[in-house]
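Below you'll find the structure, written out as structure tokens, and then a few comments.
The values are calculated or read from the model by the stated rules, or taken from the named source; none is laboratory data. Keep in mind that this is a model prediction, so the values were computed, not measured. Cβ sites come from the backbone with ideal geometry, for glycine too, and all protein chains shown count toward neighbours. Side chains included, ligands, DNA and RNA excluded: accessible areas come from the protein's heavy atoms. Shrake-Rupley method; radii C 1.70, N 1.55, O 1.52, S 1.80 Å.
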Amino acid sequence: MNHTEATLSASTKLNWGDVPTWAGVTAAVAAGIVGFFLFRIESRRDARAEHDRQLAAEDRHAAAEDRRRAEEDRRAEIEDARRAQADKVAAWFGSFEEPNRPRPRTPEYLTDRYGAYIRNASDLPIYDVRVEFYYVQDRTDGTSGWDPIHRGSSVEELRAIPPQGTEFVDMPQGIRRQVDDISDEMYVTGIEFRDSAGNRWARDPRGQLQEL
């Protein structure tokens, strides 16, 4: 074998010897590509699963929030129903002129009666109504504020005030005699009463309603 033939034979052997190497490299590259695509597919599947879990959690949270709001609305409706009648009951201090019964051969004359007007604007009666009288004391701090000073209660409770009814309760003489002069602006009133369902309520001298 001459030199040229030997060189060609060695070159042929080297090239054929590289085929398994190239085949291995190709297989490795192919496996890497397949692995990459499988990884992307799996990652997308995991992302979709996580997104679905987040949506499910948000749906559960929204459902829980809807239930909470529905429960709050239901409680508010129950409370509104409880207060519906009491909200229509009010009281205020006032007066009116009443003619005194004249003695024989003497002219009739008028006298002022001071006390509390109580208005039941509901469609049901209220019961066991008691009136509280408060003196209005202006504040001395330069503001327009005032404080109610409790002076006493009505002598007796009103047993009932009918639907759409208004009653007048006289201020007890013991309270009226605490000042020399009196006007409608000097006093305010508070009341306690029972509604038709048996609930006891109070409206304070500033008009705020609360259940007792």
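Here the stretch 29-98 is treated as a sphere whose radius is the Kirkwood value from Cα pairs; by Stokes-Einstein at 20 °C and 1.002 mPa s it diffuses with a coefficient of 117 µm²/s. Its residue count N sets the reference 2.2 N^0.38 Å, and the alpha-carbon radius of gyration of the stretch 155-212 equals 1.33 times that reference. When the solvent-accessible area of the stretch 79-212 is split by element, carbon and sulfur atoms take up 44 percent of it, the probe being 1.4 Å. The chymotrypsin sites (Phe, Trp or Tyr not before Pro) of the stretch 113-168 include none that meets both conditions, a loop assignment by DSSP and at most 10 other Cβ atoms within 10 Å of the site Cβ. A Cα-only calculation for the stretch 80-212 places Rg and Dmax at 16.7, 58 Å.
Qualifying GluC sites (Glu not before Pro) in the stretch 174-212, where qualification requires a DSSP coil assignment and no more than 12 other C-beta atoms within 10 Å, comprise Glu185. Counted by Cβ distance under 15 Å from Trp146, the other residues give a net charge of -3, where Lys and Arg count +1 and Asp and Glu count -1.
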